[in-house]
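Read the figures in this text as sums done on the coordinates, not as results from a lab. Remember, predicted model here, so these are calculated numbers, not experimental data. Here Cβ is always computed from backbone atoms with ideal geometry, including for glycine, and neighbour counts include all displayed protein chains.
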Amino acid sequence: MKLQRCHPHRLFFKPIPIFHTKPRHLYCTSAIRDSDDKDSQFIVTLKNIVRGKESWIIAFNDPFISNKLKPHHVEKVLLLTLDDSRLALRFFNFLGLHKNFNHSTMSFCILIHGLANANLFWPASSLLQTLLLRGGLDPREVFEALHDCFKKCDFISSFGFDLLIQSYLQEKRMFDSVLIYRLMRQCELMPRVRTLGEVLNGLFKIRRVDMVLVLFGEIVIMGIRPDIYIYVAVIRSFCELKNFAKAKEMIQRMESSEFDLNVVVYNVLIHGLCKNKRVWEAVEIKNGLIQKGLTASEVTYCTLVLGLCKVQEFEVGAGVMDEMIELGFIPTEAALSSLVEGLRRKGKVVEAFGLVTRVQKVGVMPSLFVYNALINSLCKDDRFDEAELLFKEMGEKGLCANDVTYSILIDSFCRRGELDSAIQFLGKMIVAGINITVYPYNSLINGHCKLGNLSAAVSFFDEMIDKGLKPTVVSYTSLISGYCNKGKLHEAFRLYHEMTGKGIAPNTYTFTTLISALCRANRMSDAIRLFDEMLDQNIMPNEVTYNVLIEGHCKEGNTVKAFELLNQMVEKGLVPDTYTYRPLISSLCSTGRVCEAKRFVDDLHKEHFNLNEMCYSALLHGYCKEGRLRDALGVCREMVKRGVDLDLVCYAVLIDGTIKEQDTSTVFGLLKNLHDQRLRPDRVIYTSMIDGYSKAGSVEKAFQIWDIMIDEGCPPNVVTYTALINELCKAGLMDKAELLWKEMLVSNSTPNHITYCCFLDHLAREGSMEKAVQLHNEMLKGLLANTVSYNILVRGFCKLGRVEEATKLLDEMIDNAIFPDCITYSTIMYQYCRRGNLDGAIELWDTMLNKGLKPDKLAYNFLIYGCCIAGELGKAFEFRDDMIRRGVKPNQATHNVLAHEASRKFSISTDPVMPEN
């Protein structure tokens with residue numbers, strides 16, 4: 001039996017605050033108290049000089065100071081000055097530059113940690129590089145010096161060690177970076193996940209894939225959740241070892257853990273397959289990207305083209321490149337050259353020439369200034385096709401586009417979300433030898449961030465810096481916004497501090513983006529502190545800044561603070577809008593203060609504030625939530641009087657509330673009103689109505705809505721069909737469910753895995769397992785089977801006592817690249833326990849833990865029950881203790897089983913009561 005320990009990520013890390021209300025004293029007071037009186041007086045003198053207004057040059061030219069000054073004095077002064085790390089750094093640099101002072105290693109370490117604790121990573125890294133360049137210290141000695149300083153001075157953040165690892169990586173000293181990682185572990189410290197990813201990728205670059213996999217294993221065992229950089233390194237390593245099954249397993253692991261995947265991960269696998277001439281597998285992976293909600297990138301296509309050329313499939317390669325060009329991607333020189341050369345060698349000269357013609361994009365314009373102005377105006381007016389025609393006309397006039405031309409067009413493409421075209425134009429700039437400025441890069445970074453492609457945005461950011469271009473506040477703010485939209489606040493604030501550390505001042509949009517993200521993350525105290533910091537820097541908030549803060553307070557139910565901000569906003573001369581008022585109205589309603597919300601709306605109307613449908617829909621939702629349908633309809637009449645028309649959202653809220661009240665006549669009256677206003681209910685409204693009536697047991701009314709939906713020319717989609725099929729299956733009306741299924745197929749609405757599972761669940765509950773398995777095989781053929789569908793089969797077999805068949809499904813799942821979950825294992829364990837097969841249940845338990853699955857309360861209860869049945873009360877309590885250690889709280893069923901078995905030890909009793917399944 002294996003009772004594994006939890007390994008929480010960064011178990012030994014101290015929390016790193018993002019904001020400080022006042023400076024912390026990070027120095028070691030014991031070291032200062034040990035000084036003798038003369039030394040102490042001298043240190044106080046030095047501290048006063050450093051913090052005073054007297055010229056340092058004059059002060060340190062004094063022989064009394066200059067002759068007596070020793071490294072340990074500097075160390076103590078630095079410790080006393082770390083509440084102002086920039087001042088400490090200036091003092092440190094002054095001594096080195098003006099006095100040629102030889103600083104001690106301890107001084108370096110104190111300042112490196114101090115700067116890292118103050119989030120001044122750039123100067124901390126620079127100082128660390130200087131320390132390493134001094135020579136005389138091997139990596140172990142550097143670590144020991146940093147660690148000794150870290151312990152003695154009680155620093156908060158251990159990021160100084162991360163900087164050391166990154167420094168060795170930058171110098172391509174990969175093994176030294178691994179050594180520092182191991183020394184950190186020995187000292188109960190752990191690098192950040194991003195740093196671990198850099199180490200693994202660094203090791204892969206020197207082809208030490210064995211070390212990559214070893215370190216990855218350690219990371220997983222410690223319970224750290226790998227990020228995309230770690231997974232990419234591991235997938236590349238498995239591809240390098242030609243172990244593609246493991247590489248695919250890694251990707252499936254990411255998918256099953258709801259990882260935010262992007263096309264880069266799949267590109268790594270595609271590259272590995274193509275490199276080993278398994279190009280057709282690579283093509284299948286590319287074709288499957290759409291089902292995963294991803295789009296093949298330029299890299300995907302170019303890699304496939306090169307792979308097809310390697311296996312002499314040039315015609316297929318030409319087709320892939322044509323598809324690539326149609327999507328607006330630009331083939332790389334290597335891909336195009338390989339394909340053209342391959343076609344030429346096979347005698348396909350015409351095809352090769354046609355391919356070259358299709359990919360050539362040459363633009364020249366006759367009057368650069370005029371055309372730039374025209375193109376810019378057309379782009380601003382959303383007349384993009386004409387702008388592109390003008391750009392093409394430039395080539396005909398013999399004029400070459402300059403950086404302004406390309407910047408205008410790239411920005412227009414990015415604003416439209418046509419990033420492939422924007423990248424194409426950037427490529428043209430490079431090919432044409434045009435001087436690239438920061439502006440097209442800012443557009444590309446912002447465009448990718450808006451589409452959620454952070455990896456591409458970061459790639460362009462890094463590329464911009466590599467080209468010697470300095471990022472601006474726009475560059476940083478775009479990336480910060482991208483990370484905030486992904487919920488990666490740590491990375492967003494890292495960039496914020498990096499930006500300010502470089503002397504780049506944030507603007508209103510920067511602060512608003514961060515404040516909005518903090519509000520969405522329910523970190524209102526941090527949002528307020530950042531808002532105060534914004535005001536302290538004399539950066540004026542705008543309407544959006546106030547709107548996000550007001551909405552954040554409203555979500556927390558703090559309407560008092562929200563209304564205070566509204567008053568403050570008005571006092572500053574800012575004009576509230578519907579985005580300001582809607583959360584206020586919604587918050588009042590959600591806290592049971594609908595009457596106050598109504599008075600607030602009426603007051604706004606009297607003050608001639610024009611509210612829109614958004615604000616009224618919030619009020620309607622409040623009334624319907626409380627079952628006050630008549631009041632909601634009264635608000636509708638007032639809306640009409642005030643010149644505000646009900647939109648589809650308002651009608652959807654009313655219809656939903658009416659269905660809950662089972663007021664059919666009002667529902668149809670609302671539908672009539674909706675049509676009278678020349679609005680047409682959409683699939684969402686109809687599907688909501690069908691689902692509402694079905695769940696209420698009114699299948700007949702659901703079909704009435706269905707008929708109306710069809711008559712109105714609004715064809716149902718897979719969600720509509722599935723909602724009705726599900727309730728029919730639950731009601732045992734299988735004939736009607738099957739008719740709907742057939743109708744669904746005829747209407748070209750492809751059933752999804754949920755639709756299949758409706759039938760599968762019915763068959764399993766009825767005990768028709770042969771038919772259930774037959775249906776599930778169809779799901780497998782259509783790639784619709786998943787863990788849920790297998791769990792239905794497992795439950796069905798177990799219910800019939802056919803445990804062996806249920807157990808075989810575990811192997812079948814893995815063969816089909818579908819991973820069992822805790823429910824799968826606990827369902828079978830339940831049957832083993834009922835049969836008294838404790839060994840079998842524990843064996844499944846160990847398998848589940850070895851696969852990294854976390855057992856839930858029910859799984860523990862089953863196993864505790866099995867131990868009690870087998871008379872293993874000691875083991876039962878061991879599992880109870882392990883349950884508590886893992887943070888799973890025992891419930892009454894747990895206690896009942898253990899208490900029953902304990903009492904049985906002293907008296908004859910029946911078997912323990914089985915926990916509810």
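Taking θ as phi - 60° and the Karplus parameters 6.51, -1.76 and 1.60, the scalar couplings of the stretch 292-299 work out to 8, x, 10, 10, 4, 9, 4, 4 Hz in sequence order, x denoting glycine and proline. Straight-line cross-link reach from residue 641 at under 18 Å between alpha-carbon atoms covers these lysines, not counting any fewer than eight positions away in the same chain: 598, 606. Annotation: amide H-H contacts under 5 Å for residue 400 (H modelled 1.01 Å from N, sequence separation of 5 or more, or interchain): 365. Hey, for a label at residue 835 modelled as a point 7 Å past Cα toward Cβ, could you say which residues of the stretch 783-819 have their backbone N under 20 Å away? Within reach of a label on residue 835, which here means backbone N under 20 Å from a point 7 Å along Cα→Cβ, the stretch 783-819 contributes 791-813.
Using Cα-Cα distances under 8 Å and only pairs 6 or more residues apart, what relative contact order does the chain have, in percent? After rounding, I find 5 percent.
Here the relative contact order of the stretch 789-904, from alpha carbon pairs under 8 Å that lie six or more residues apart, stands at 20 percent.
What's the center-to-center distance, using Cα atoms, between the stretch 124-165 and the stretch 72-114 in Å? Using only Cα atoms, the two centres lie 14 Å from each other. Mind checking which lysines have their Cα closer than 28 Å to the Cα of residue 76? Skip sequence neighbours fewer than 8 apart in that chain. In chain and number order, the partners are 14, 22, 38, 47, 53, 68, 99, 151, 152, 502.
Please label the shape of the chain as rounded, prolate or oblate, based on the square roots a ≥ b ≥ c of the eigenvalues of the alpha-carbon gyration tensor (a/c under 1.5 means rounded; beyond that, a/b larger than b/c means prolate, else oblate). Because its axes are fairly even, with a/c under 1.5, the chain counts as rounded.
Suppose R0 equals 56 Å; then what is the FRET efficiency for residue 626 and residue 141 from their Cβ-Cβ distance, rounded to the nearest 0.05? Calculated value: 0.20. Remark on residue 768: its backbone amide H falls under 5 Å from none of the residues 5 or more positions apart or on other chains, H modelled at 1.01 Å from N. From the Cα gyration tensor of the stretch 818-892, with a ≥ b ≥ c the square roots of its eigenvalues, which class applies: rounded if a/c is under 1.5, or else prolate if a/b is larger than b/c, or else oblate? It comes out oblate by the Cα gyration axes. Taking 0.36 nm per residue of separation and subtracting the current Cα-Cα distance, fully stretching the chain between residue 54 and residue 508 would add 159.7 nm. Looking only at the stretch 233-267, which residues have a backbone nitrogen under 20 Å from a spot 7 Å from the Cα of residue 277 in the C-beta direction? Hits in the stretch 233-267 for residue 277 at 20 Å: 239-245.
On the basis of the beta-carbon distance and an R0 of 60 Å, residue 591 and residue 290 show a calculated FRET efficiency of 0.85. Within the straight-line cut-off of under 17 Å between alpha carbons, the lysines reachable from residue 572 are 561, sequence neighbours fewer than 8 places apart in one chain being disregarded. A simple spin-label model places pseudo-atoms 7 Å from Cα toward Cβ; at residue 849 and residue 766 they are separated by 4.2 nm. From least to most packed, judged by other beta carbons within 10 angstrom and beginning with the fewest, 598, 555, 151 follow the order 151, 555, 598. Projecting label points 7 angstrom from Cα along Cα→Cβ for residue 609 and residue 537 puts them 3.0 nm apart. Of 462, 761, the sequence from fewest to most neighbouring Cβ atoms within 10 angstrom is 462, 761.
Take each peptide in 471-479, 673-681, 272-280, count the other Cβ atoms within 10 Å of every residue, and average; sorted highest first, the result is 471-479, 272-280, 673-681.
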